[in-house]
Each structure stands twice: as C-alpha cells, then as structure tokens.
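Worksheet: the structure to be examined is printed underneath.
The values are calculated or read from the model by the stated rules, or taken from the named source; none is laboratory data. Because the structure is predicted, anything quoted here is derived from the model rather than measured. Quick reminder, even Gly has a Cβ in these numbers, built from the backbone with ideal geometry, and neighbours come from all protein chains shown. We work out accessible area using only protein heavy atoms, side chains counted, and drop any ligands, DNA or RNA first. Shrake-Rupley method; radii C 1.70, N 1.55, O 1.52, S 1.80 Å.
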Amino acid sequence: MLKPINVFMVGVGGQGTILASKVLAAVALKMGYDIKVSEIHGMAQRGGSVVTQVRLGEKVYSPVISEGEADVILAFEKLEALRWLSYLKPGGTVIINSQQISPVPVLAGAAEYPEDITGKIKERVADLQVLDALQIALECGNAKAANVVLLGAMAKKLPVDEKIWRDALADTVPQRLLEVNNAAFTAGFSA
Amino acid sequence: MKELLSGNAAIARGAIEAGVTLASGYPGTPSTEILENLSRCKDVYSEWAPNEKVALEVGVGAAMAGARTLVTMKHVGVNVAADPLFTAAYTGVTGGLVLISADDPGMHSSQNEQDNRHYARFAKVAMLEPSDSQEAKDMVALGLEISENFDIPVMLRITTRVAHSQGMVELNEPLPREIKPYSKDVKKYLMVPAFGRLRRLSLEERLTRLKEYSETTRVNFIVPGDNKVGIITSGISYQYVREVLPGASVLKLGLTNPLPVQLIKQFAEQVQTLYVVEELEPFLEEQIRMLGIKVTGKEMFPATGEFSQGLLRSKFAEAGLLTAQPREDWATGLPQAPPRPPVLCPGCPHRGVFFTLRSMKLTVTGDIGCYTLGGLPPLEGIDCCVCMGASISMAHGIDKAVPGLKEKTVAVIGDSTFLHSGITSLLNAVYNSSDITVLILDNRTTAMTGHQDHPATGRTLMGGEAPEVDLEALCRALGVKQVELVDPLDMAAVKEAVNTGLAAKGPSVIIARRPCVLLKRESKPVVTVDQETCNGCKVCLKLSCPAISVSDKKSSVDKTLCVGCNLCVQVCKTGAMKGGNADA
Ligand SMILES: Cc1ncc(C[n+]2csc(CCOP(=O)(O)OP(=O)(O)O)c2C)c(N)n1
C-alpha cells in the first residue's frame, strides 16, 4: 500500500495557507486518493502562526503529521520554516518563501529574528528551495497569489500530473482570478 | 456522492440528513462552524442563543414538543448548560435531542481541557464519540435514534482534531422532518419531587436497556488482529492506533456511555496484553479496571494534552512493541524561533483601553474574548481571566472584601460575553451595592470565535433582522445610575471616563463602542513617523501593534498594516507620529 504523502504547510494568519490546502485536496480527489486535512484556526486571524497538515494516500488514518514525518514542508514565511523544521522526515523537501514577517516580540525588541535562516537550513536539508513568492506573485499581477506560486514550486516535487494541478486550481479559485493564479502556478513551477 | 468535510461541517450535514427541525447553540472553538454550516440550509431553523444554558433549554423544549433537535457548544459551555442537562436525563425526550460537546485537548483555544465524557456518566446520558468526519455525520442520525428509542438526551463528544480535520464523507438524501405528536404528560416532564423520583427509577431502567444496546451497536466493534496486543480506544485516538499498530486487535468504542461490559470482557479474554489508549482522563480505563480486568493505560500515556501517532509510536517503542524509527535531529545548532503569539489586530478598538488601564496602574478583572489578549506583554492590561462573565462578579468580590484594592479595580468584558453571563453579575453589583466600574468593550460582534451575531448586533444566525439590545438602557434598567458611552480610540476620553467611574458611588458602566476593525474597515490615512523628531523612546511599542517597529532607535509604521487608528499618535510624547489629518 502506498504510504500517505505528508505535506506540512506553515505560515502566518492571513497568508492564504487555507486556499493552498484546498487546491491540494482537490488534487487528491482527482487522483482518487483518500485525504485528510487538519487545520487549527481559532487564533489564526490574530496574526498567530498557522499550521495546515495535508495527508494523501490510499488510506489515511491520522489527520495529523508527527515530528519527523513530513515529506514536504511548505513554509509561507521563513521563521515558520525554522519553527517547524523538526516535522521534516529524513530526506524530505523544504520550500521556503523568503518573506519575513516579524512577530510582535521581535518588533517590540524583546526577541530577535534569527539571521540567515535559509542558509542554516541549507546546511542540513539537501532538498531546499527558497523563492521570493511575494515578488513573483506581484510580477504575475496579484500579491495574493503568492500561495499559488508556492504550490507551483511544490507541484514539481510531487508525483502528480501538471494537468491535474491545473484542473484542481480551476475548481478552487474564483473564475476571475484564474488567469493570475495560473500564471503564478507556472512561475512557481519554473522558479 | 462523497465530499471532503470537516467534522463540524459533517455534523451539520448529518443534522440535515437526519431530519433535525431545530438547532441552537452558543459559539465556542472548536464547535462554532457546526451552526455556521447548518445556517446555510434554510429548511432547518438554527439560531445563536445568548448562552449555552439557554441553548440547551431551547433544545429540551423543542424535543419535548416532538422535534428532532441539535444543540452545540464547546466543552466549557456544558458547564453553563449543566443544570438543564442533568434533569433532561430524567424527563427524557419526545423528539430526539443530540448535544454536541466540542472538547479541546491541548487547549488550542480554551482556558481548560476538561474531559466531558465525565459529564455523560455524571448526568446519566448516552455518549457517542466519533473518530473522523464520516463517523461524526453518521453519529448525528444514530444519536437521534438512540435518543428517541431510549428516551434520553445523547451527548456527541468531539475533540478539536475531529472538529477541525477534514475527511471524505459519503452524503445521503435528507430524511423528511417530522414532528412527533405532543401530549401533555406531567409525570414525565413536570419534575417535582414526586414525579422526579419516578423518573429517577425510570432513568435506571432506560440505562439498563441502553447497556444491552451498547453490547450490540455497530459503533462498538472489534477490528480483529494479532492476539498478542489488544487495544481499547475511542475518538481520535483510534486513528492513531490504526496508523501505528495496523496489525493489533482493536476494540473501537463509539458508544462510550454506557460501556459494553460483555464486549470488553470478551475482547480482554482474546488478547494477551491489553492497553487503553485515550486522550485526557482515564475514563475508559477506570471503568475497565472496575470489571477486574488488567490493563495498561495512564501509566504509559499522558493524561494531559493531545495524542498523535508520533506519541503513540514512541510509547509503544518504549514498551517494546515497536522499534523506534530513525529520526534526524534537525534542531541541533539551529537558533530558537522566537514565539509568534496571537495579537490584537492593527486598529483593534480594544488596544488603547488596555494601554490606558495599564498606565493608570489599575487592577483589572478580565473576561474571555479577543480582549483577553490585552493581558499579554507588552500591554499587560488585565490581571485575571477565569470564565465568561467572571470579570464583573470578581470585581464585586474584591470590592466587598478588600478596601484599598477596590478603589483601583475595574472589570472589562466584551459585548457578547456581557450578554452571555455578565448581566446577572452586574445585577448583583447593583443589588448588593458595590462601587465597581465596568467597561463593556462593545465591538458589535463576537470577534474571538469568528464574528458571530448576538442579541445586540441586529442580525440573527440565519441572516434575518433582529431588534438590537440597547446596552445603555439595559444597564440602566438593571439599576446602574452612571452609564457612559466612549469611543475607545479616544484615549483621553477613556481615561476620563474611568476616573469618573472610579470616583462614583455605586456601580458604573462605561460602554466603549466601536465596531471590530475586521468587520468595518474604514479607509483612514496611515500614520507616518517623522524620523527627525522620533527620539527612540519606544513608548509606541507598548501598544503591541503589529504595524509598529523600531530599528536604529527610530520607530516606523508599516503602511500595509496600519489602518490609521491613531492610537500611536496619541501615545507619542515627541509628536513624531503623525496622524492622517496632520500634514506629515
Ligand atoms: C462558556 C463559554 N462559552 C464559549 C466560549 C468561547 N468564547 C470565548 S470568548 C467568546 C466571546 C467573545 O466575544 P466578546 O465578548 O464580544 O469579545 P470579542 O472577542 O468580540 O472581543 C466566546 C464565545 C467560552 N470560552 N466559554
């Protein structure tokens, strides 16, 4: 039996992780996979760190991913990649949006935003991709599409046909934003 | 047809499919989305009640009158609703009644992690525990059937991971909504002692029948496997067990009150070593031990926090049932990630109030809502938070007991929380004449749980118009003489109002009214900082605003986050912060 693929998405409230998980869910459905998605909201809207866990495979029991189990960590923000790195499995993939969103303790000078996070992760993780998803999304015409840029980058790493991704995207995003999102996906895929 | 649904969406769907006529509840994470989802179905009447006790009583009434009924709340809500719950077990129902209790192991967004399975046993009602979305949906229909067949309320207990995880669910055609005929039956529904005693005996008889049913119900079943290891489990833990020990024999309990004693004994005999895997309290374990069966439970698994497959794997590895999986120690040598706590949003009307209370060095009894975040550093404007409504009553307690402190104490409470359980507390302060000062932070919504309507917003859950409670008139009607309205973004006015309130004899109320910034976004010019004038004193940082930062001893304001609330302009001592109206 195929072991579930575990995708661990982390970011900051308001960054669009939920849409990304919806697209991934649509992909799983199209492939006839079982899927579970776990999201803890509640405090998300208040700028806290948000975690969305997606597992797809022939049969999925637990809705959550434990430490050392994620095939992919998709980090919408650098610091969150650092925070959740222990969830990566040996040999796993990390994709990081180079955006920096300082938490309030950092803004207030009570803590420091660690320097060179991506460099330090690079020393440990062989399969690391860092991209400026916000900038790429802006070039595609909408900063809000940064989440889809990141999905595009991840799509390259997963054993799923591009056509399925495109269909899933079309099913998930509003029609009027499809063009921008398709461009964002392409840009992420080739980044 | 299959659809990907969260546990909460699945419960809403289950209610529609099972012919529920009425649903009532009060918001609370992780239960809120059940009624939000259900309210999109216009064929089912759904509503937000002002609190959980009211919600359950609404449900008890509808069920007595013959309708299938759903009532939803978070775990601590059941504390509020406990009074009707215990006696509704005596009366029983006519139409089925299912009470959703959404527990929060790990306290993702709660003040405690009480295990409400104990409530089912304590109140002597049936309890179902789903382990995924499909079961959550199916157990609504099953719960209603059990409720009607055994004349008893049924608690459907979910946990955060079930409520907020999505899984595939098979959809069915909705049943027609039927109302069973009502006939007056005082021996069943009029719980005076003479009739209560009869229903008490009847309850034991009903529970005896339910015990027999528990032995055969399809939701209590054995997954056959290796007879060396047997595991008894319920709820989300079942999923972790199946993932970690796919070969083990498992007794999965879906109906966990009352327990299927014979089935448990039979299972225990089939296996060599028996484990109980359950989050939080040893609810199953203790009852199984009382049957004289030897089990391993809480000596191996924690009674606090959530489980995960990782936790189970390491515990079973320690017990020698599994080999530990190799792990990469990613963290060694990496810097620690600074925390990212939730904060009040930029422009939140609550922020300035806490800055002011802190600067006045007051003791502040707090309450539950977004504004509880005003207690965290650097705002630190609240001393305590226990449960909804407690702010006002605790301030009254201080007032009556500790002179010296009372002159410096104020209570803060949100609008939804005030209507939930603050009104009676304020009534007590009037009746027993204390001098407390109460700030009602009226942001016109139940913000914390995602902006639900309440009796003062003018809208109902189903989107209809409703009369708006007039909070000023309500406070006056309770007997409060001094009621003042302020704009919470006007810090000087807030300070003056607090001073007036503290000086007044008798209880006084300050209503700080401004809609939640996420509800009503006004386009106001953003704040700019004159770099010449800023002396780096950092007083603006004490506002804990995500838009403000300091680098190289100068403040700056993030244009993309600032909404121009101008609180920082008001606290800035050098005049470096320029509001939208100033020429910066
Ligand atoms: C008994 C109980 N029911 C529900 C909750 C969940 N809950 C926490 S705060 C809150 C309401 C907050 O609304 P409000 O008082 O208006 O404050 P706001 O978040 O809008 O600032 C709710 C429903 C709870 N903690 N306890």
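Taken over region B:48-63, the residue count meeting the criterion of being in contact (Cβ under 8 Å) with a residue 40 or more places away in the chain and within 15 Å of the ligand (Cβ to nearest atom) is 4. Tallying residues that are away from the ligand (no atom under 13 Å from the Cβ), surrounded by 24 or more Cβ atoms within 10 Å (Cβ to Cβ) and without any contact (Cβ under 8 Å) to a residue 40 or more places away in the chain within region B:352-393 yields 1.
For the structure I just gave you, tell me whether B:V250 is outside any helix (DSSP H, G or I) and over 24 Å from B:L142 (Cα atoms). No; evaluated as a whole, the condition is false for this residue.
Within region B:394-453, being farther than 22 Å from B:S359 by Cα, open to solvent by less than 50 Å² (accessible area, probe 1.4 Å) and more than 16 Å from the ligand (Cβ to nearest atom) holds for B:H396, B:G397, B:A429, B:V430, B:S434. Can you say whether B:L312 is in contact (Cβ under 8 Å) with a residue 40 or more places away in the chain, more than 13 Å from every other protein chain (Cβ to nearest Cβ) and surrounded by 14 or more Cβ atoms within 10 Å (Cβ to Cβ), as far as the supplied structure shows? Criteria not met by B:L312. When residues of region B:185-201 are filtered for being in contact (Cβ under 8 Å) with a residue 12 or more places away in the chain and among the small types (G, A, S), how many remain? Adding up the residues that qualify gives 1.
Conditions (1) open to solvent by 10 Å² or more (accessible area, probe 1.4 Å); (2) within 9 Å of chain B (Cβ to nearest Cβ); (3) under 16 Å from A:L24 (Cα atoms); (4) small (G, A, S), marked per residue:
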residue	(1), (2), (3), (4)
A:G48	no, yes, no, yes
A:V60	no, yes, yes, no
A:S66	no, yes, no, yes
A:E69	yes, yes, no, no
A:V72	no, no, yes, no
A:K78	yes, no, no, no
A:L82	yes, yes, no, no
A:L85	no, yes, no, no
A:P90	yes, yes, no, no
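Restricted to region B:504-517, and to residues there that are part of a strand (DSSP E or B) and either open to solvent by 60 Å² or more (accessible area, probe 1.4 Å) or within 16 Å of the ligand (Cβ to nearest atom) (or both), the residue that is farthest from the other protein chains (Cβ to nearest Cβ) is B:V509. Filter region B:454-473 down to residues that are within 15 Å of the ligand (Cβ to nearest atom) and crowded, with 17+ Cβ neighbours inside 10 Å and give me whichever is farthest from B:N499 (Cα to Cα). Among those residues, the one meeting the criterion is B:L461. Within region B:1-17, not a single residue is in a loop (DSSP other than H, G, I, E, B), touching a helix residue (DSSP H, G or I) at 6+ places or on another chain (Cβ under 6 Å) and buried (at least 23 other Cβ atoms within 10 Å of the Cβ). Being farther than 30 Å from B:D470 by Cβ, within 16 Å of the ligand (Cβ to nearest atom), open to solvent by less than 30 Å² (accessible area, probe 1.4 Å) and within 14 Å of chain A (Cβ to nearest Cβ) is a description that does not apply to B:S555.
Those residues that are of a type outside the set (G, A, S) and outside any loop (DSSP other than H, G, I, E, B), I need them from region B:315-337; list them, please. Those that are of a type outside the set (G, A, S) and outside any loop (DSSP other than H, G, I, E, B): B:K315, B:F316, B:E318. Out of B:K495, B:K520, B:K481, B:K524, one residue alone is away from the ligand (no atom under 16 Å from the Cβ), at pLDDT below 95 and not acidic (D, E). It is B:K524. What residue, of B:G66, B:G92, B:G106, is within 14 Å of chain A (Cβ to nearest Cβ), among the small types (G, A, S) and either away from the ligand (no atom under 15 Å from the Cβ) or open to solvent by less than 40 Å² (accessible area, probe 1.4 Å) (or both)? Sole residue among the options that is within 14 Å of chain A (Cβ to nearest Cβ), among the small types (G, A, S) and either away from the ligand (no atom under 15 Å from the Cβ) or open to solvent by less than 40 Å² (accessible area, probe 1.4 Å) (or both): B:G106. The single condition from (1) open to solvent by 50 Å² or more (accessible area, probe 1.4 Å); (2) assigned to a loop (DSSP other than H, G, I, E, B); (3) within 20 Å of B:P377 (Cβ to Cβ) that B:K542 fails is (2).
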